[in-house]
Amino acid sequence: MAQPVIGIVHPGEMGAAVGKALRDGGHSVVWASTGRSAVTAARAEQAGLEDVGAVGELSRVCSVILSVCPPHAALGVARSVGRFEGLYVDANAVSPSTARELATLVERFVDGGIVGPPPREAGSTRLYLSGPAADEAAGLFTGTALEPRVVSREPGDASAVKMAYAAWTKGTAALLLAIRALARAEDVEGALLEEWALSLPELESRSQSAARSAGRKGWRWVAEMEEIAATFEGAGLPDGFHLAAAEVFRRAPHAEDAALDEVLRALNPKAEAR
């Protein structure tokens, strides 16, 4: 049986790594360069992905399309591929309700959620999948650096796993940054750090790591926090935790090497005037 041609929309850091994992697994993997940046093109070339030009061309040449993009763009990406009768796998950080809306846009839909860093070695990253064709999608990743895990046959369930997981990992990162900004605004940061050293020694380094992540990826996490908030609201739970987290990441500077002080100043510039 011929190997499927898999289209990646769009190969950012995560998408390119997923594409390379599929290519290393023996699949033909393509992408569409029209309207994309030179940085994206270089990343796709390094991953060994073949360029087919326009996004609409993916529907013609591919039997599988995998969407890996910022969550706010997931619906637009699904619409951009046009009429597509193959397997469409959305692996974005979206709420279950958004996943179910995506399922109405394509004929054969698989809901997905990635947990872990860009997959470069086995055991580091998992792709949760749900929907009637989840087993078929999982088969594409067998033996690759990205481990597939089927949750159920219901679209939205894989996204629910991703939302619950990221609610902790990224939500607590935002909370730590807000706490440091509060302590600084009240001029008690030194006392707080002393207490952390005594009772919660890991939190100082975690807040430093949170600042670096917020600088590199916070712009992308704003919509993800909003999707998590929508997930909580849809389940009848308070959504305010993650709406606040979205605001923290919205205020964070967009810089690869953002230092903690820079992030805290951006979160609460009034504190510097005290």
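No value in this document is a laboratory result; all are computed from the given coordinates. The model shown is predicted, which means the values in this text are computed figures rather than measured ones. Glycine gets a Cβ as well: all are built from the backbone with ideal geometry, and neighbour counts include every protein chain shown.
Averaging 1/r across all pairs of distinct Cα atoms in segment 5-154 and inverting the result yields a Kirkwood radius of 14.9 Å.
Apply the membrane-span-like helix rule to the chain: whole DSSP H runs, Cα extent along the own long axis of at least 24 Å, mean Kyte-Doolittle hydropathy at least -0.5. List the helices found. Each step should come with its number before you reach the end.
Working: long enough: 157-185 (41 Å, 0.71); 202-234 (34 Å, -0.77).
Helices passing the filter in the chain: 157-185.
For N92, nonlocal amide neighbours, meaning residues 5 or more places apart or on other chains whose placed amide H falls under 5 Å from its own, are G112.
Please report the net charge: other residues with Cβ closer than 13 Å to the Cβ of V248, K and R +1, D and E -1.
+2
Ordering of 197-208, 25-36 by packing is 25-36, 197-208, highest average first (other Cβ atoms within 10 Å, averaged per residue). In summary, the lysines within cross-link reach of K162, defined as a Cα separation below 16 angstrom excluding same-chain residues under 8 places away, comprise K170.
Here the calculated FRET efficiency for A73 and E204, from their Cβ-Cβ distance with R0 = 41 Å, stands at 0.70, rounded to the nearest 0.05.
Helical content of the chain, expressed as a calculated mean residue ellipticity at 222 nm, amounts to -16500 deg cm²/dmol (DSSP H runs of 4 or more residues, -39,500 (n - 2.57) each, divided by residue number, nearest 500).
Look at where the Cα atoms of segment 190-245 and of segment 7-82 average out, and the two centres are 30 Å apart. Quick check: from the Cα gyration tensor, does segment 35-86 come out rounded (a/c under 1.5), prolate or oblate? It is oblate, given that a/c is not under 1.5 and a/b is not larger than b/c.
Its residue count N fixes a reference of 2.2 N^0.38 Å for the chain, and the Cα radius of gyration divided by that reference is 1.08. Summing +1 for each Lys or Arg and -1 for each Asp or Glu among the other residues whose beta-carbon sits under 10 angstrom from that of S59 gives 0. Over segment 160-273, Cα pairs under 8 Å with separation of 6+ residues give a relative contact order of 34 percent.
Classified by the C-alpha gyration tensor, segment 160-273 has a prolate form. Its axis ratio a/c, with a ≥ b ≥ c, is 1.5 or above, and a/b is larger than b/c. Normalising the average separation of contacting C-alpha pairs (under 8 angstrom, six or more residues apart) by the number of residues puts the relative contact order of the chain at 14 percent. Residues whose amide H comes within less than 5 Å of that of A255, counting only those at least five positions distant or on another chain, are R216 (H built at 1.01 Å from N in the peptide plane).
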